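One structure is given below, encoded as structure tokens.
The values are calculated or read from the model by the stated rules, or taken from the named source; none is laboratory data. Computed from a prediction, not measured in an experiment: that's the story for all the values here. Neighbour counts are summed over all protein chains in view; Cβ atoms, including those assigned to glycine, are modelled from backbone coordinates with ideal geometry. Note: accessible area is taken over every heavy atom of the protein model, side chains too, but ligands, DNA and RNA are not part of it. Shrake-Rupley method; radii C 1.70, N 1.55, O 1.52, S 1.80 Å.
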Amino acid sequence: MNAAMIQIIVVCLVELVKAFPAIEQAVAQFIANISQTVPFTTEQLETLKITKSPENY
Amino acid sequence: MSLKKRYSYGLCAILLVIMLAGCAHLVQNSAATLSASKNFYDLAMTTTADLQKAGVIDQAKRDQINGVATIYMKAHNVAVDALITYNATNLAVDKDKLSTAILKAIAAWADVAGLVNAIKPGALPTKLGGGL
């Protein structure tokens, strides 16, 4: 496969995505999700624990 | 490097990104659910303490609520432990454990909410968001 063929395939894929708004939206959402994803540290997740027992209210 | 090899590596990289994004999505949703769960517990116990102070419930009722709230607290903390494990490993087996633990916490919340809402209707949200 040469560079020209790859270019044609890429153009076709881009046009295909453009032709179907749902696909375009899904791709945009996926990219947005990836960019917003911030990994949690164990310490951060530890703060989700409940430490106060019912008797202490 | 051959073009075929390059495409294989590219495909693997895309799959890896999709898999990691999927894992991160579950961790974020679970963390949001458990954060809400912790706030709900606090609301439940504050409401219960207020009801007791106001003389609406006696010690026996308080003990009954404390009992289900303790079960809920333990279920919640088990779910947090499962989330910590899954966040570290990203293994399918840990994902299943996390889902099961959150479902148990959701079920335990229904008992707490049912008991408190029977005394003070609408005091607590009846459902804990799934987030999965």
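What the table shows:
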read-out	value
Residues satisfying the stated conditions in region B:82-132, i.e. free of Cβ contacts under 8 Å to residues at least 12 places away in the same chain and of a type in the set (Lys, Arg)	none
Condition broken by residue B:97, with the remaining ones in (1) over 13 Å from the mean Cα position of the chain (by Cα); (2) away from every other protein chain (no Cβ under 11 Å); (3) closer than 22 Å to residue A:42 by Cα satisfied	(1)
Of the criteria (1) modelled with pLDDT under 80; (2) open to solvent by 70 Å² or more (accessible area, probe 1.4 Å), which one residue A:13 fails	(1)
Residue check for residue B:36: open to solvent by 30 Å² or more (accessible area, probe 1.4 Å) and either in a helix (DSSP H, G or I) or at the interface with chain A (Cβ under 9 Å from one of its Cβ atoms) (or both)	yes
Condition met for residue B:103 (open to solvent by less than 50 Å² (accessible area, probe 1.4 Å), within 28 Å of residue A:41 (Cβ to Cβ) and in a helix (DSSP H, G or I))	no
Selected residue (only one of B:56, B:68, B:80 is more than 10 Å from every other protein chain (Cβ to nearest Cβ) and either in a helix (DSSP H, G or I) or open to solvent by 20 Å² or more (accessible area, probe 1.4 Å) (or both))	B:56
Within region A:26-41, considering residues that are assigned to a helix (DSSP H, G or I) and surrounded by 11 or more Cβ atoms within 10 Å (Cβ to Cβ), the one modelled with the lowest pLDDT	A:34
